[in-house]
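Coordinate-derived values only; no laboratory data. Everything numeric in this text was worked out from a predicted model, so none of it was measured. Cβ placement follows ideal geometry from the backbone for every residue including glycine, while neighbour counts extend to all protein chains displayed.
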Amino acid sequence: MTTAAVGVALALDAAAGEPPTRLHPVAWFGRLVAPLDRHWSRPRIVGALATGTLPIGAALAVGGLVGVAALQRPLAGAVAGGLALFVTTSLRRLLGVARAVTAASETDLDAARDQLRALAGRDASALSAGEVRSAAVESVAENLADGLVAPLGAFAALAAVGTRIAPAVAPGVDPAAVGLALAAAGAAWVKAVNTMDSMLGYRSKPVGWAPARLDDAVMWVPARASAVLLAAAFLAPGSLASARRWNEGVPSPNSGWPMGTIAAALDVRLEKPGVYELPGGPSLPTVADAQRAVRRAGVAGGLAYLAAGVVTWV
């Protein structure tokens, strides 16, 4: 069931990209998080309590629904698990927006700056065409880790764990159903943590301290795994050494890994003005460079799905 669920999620992403916002469970979760973004007398305490409860609530809801479906019949479980994985991951939309920004950077810079908002949270109003493309490439690298590898990896790992511990914790219950429920819960929890960080995890928002710190911990492995996948997609294993060397110059303890890997593999400079610079080459990305980055990120995403399928099958 879990392997079939990975296939269902991949097929849905390839066919639909993402559900409409009004029907997207992640958007529903965002509405629960939004009221936290205000002044609090004890913001760190509020943030810590929310971080400890809201993602767990999301995980229990998603895992419970998938588990009930899996206990009814395997096909229902595979479909429910695939839907859960589909709404917690994103690849096609990420690549599509990056392509659009790249194309517009050459013909309509104002439109490219506007479209960049869907990828990166930075102020794009004064960015040059090369800086817009740099932001798009950086966002593809970082969101590959956040939006695909992290929830997909949690799904695959917890499916394997759940299947093995099922006889001890739930005797008489189909181990595959337990593994699928735990896998879906894990993907939902990771996505919820990442969503809270993306909404609250800024220095200007003390309530976001706990979500930001938890997201740093959760993303430690996926960021580095994403760098490995990108290095494989580019056929550039040496790019990992460069990413490791440059990582200390990036404020995030994780995002420098996939971004640095792409910078080195493309032989380009990636830069967030006034914040960091990844000196992979002498120049900012050209249109061709950015297009190649998007294509290779797609290959890396395919490798991530393949790895998840192998883990759940084995």
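Scaled to the globular estimate 2.2 N^0.38 Å, the Cα spread of the range 2-313, given as radius of gyration, is 1.00. Relative protection proxy for 143-154, 233-244, from highest mean packing down: 143-154, 233-244 (other beta-carbon atoms within 10 angstrom). For the chain, the relative contact order comes to 23 percent (Cα pairs under 8 Å, sequence separation of at least 6). In order along the range 271-277, the phi-based Karplus estimate (6.51 cos²θ - 1.76 cosθ + 1.60, θ = phi - 60°) of 3J(HN,Hα) comes to 8, 9, x, x, 10, 7, 9 Hz; Gly and Pro are listed as x.
The 3J(HN,Hα) values that the Karplus relation (6.51, -1.76, 1.60; θ = phi - 60°) gives for the range 44-50 are, in residue order, 5, 5, 4, x, 5, 5, 5 Hz. Gly and Pro appear as x.
Within the range 130-197, none of the GluC sites (Glu not before Pro) combine a DSSP coil assignment with at most 16 other C-beta atoms in a 10 angstrom radius. Rounded to the nearest 20, the Cβ-based charge dipole of the chain about its Cα centre (Lys and Arg +1, Asp and Glu -1) stands at 480 debye. Here is the list for the range 25-103: chymotrypsin sites (Phe, Trp or Tyr not before Pro) lying in DSSP coil, each with at most 14 other C-beta atoms within 10 angstrom of its C-beta, are 40. Computed from label points 7 Å out along Cα-Cβ, the spacing between residue 23 and residue 53 is 3.2 nm.
Each residue of the range 129-140 was assigned a 3J(HN,Hα) from its phi angle through the Karplus expression (A = 6.51, B = -1.76, C = 1.60, θ = phi - 60°), giving 4, x, 5, 5, 5, 4, 4, 5, 5, 4, 5, 4 Hz with x at Gly and Pro.
For residue 75 and residue 41, a Förster radius of 51 Å and the Cβ-Cβ distance give a FRET efficiency of 0.50, rounded to the nearest 0.05.
Here the gap between residue 277 and residue 68, fully extended at 0.36 nm per residue and compared with their Cα-Cα distance, gives a gain of 70.4 nm.
You can think of it this way: the chain between residue 314 and residue 216 has 32.3 nm of extra reach, that is 0.36 nm per residue less the Cα-Cα gap.
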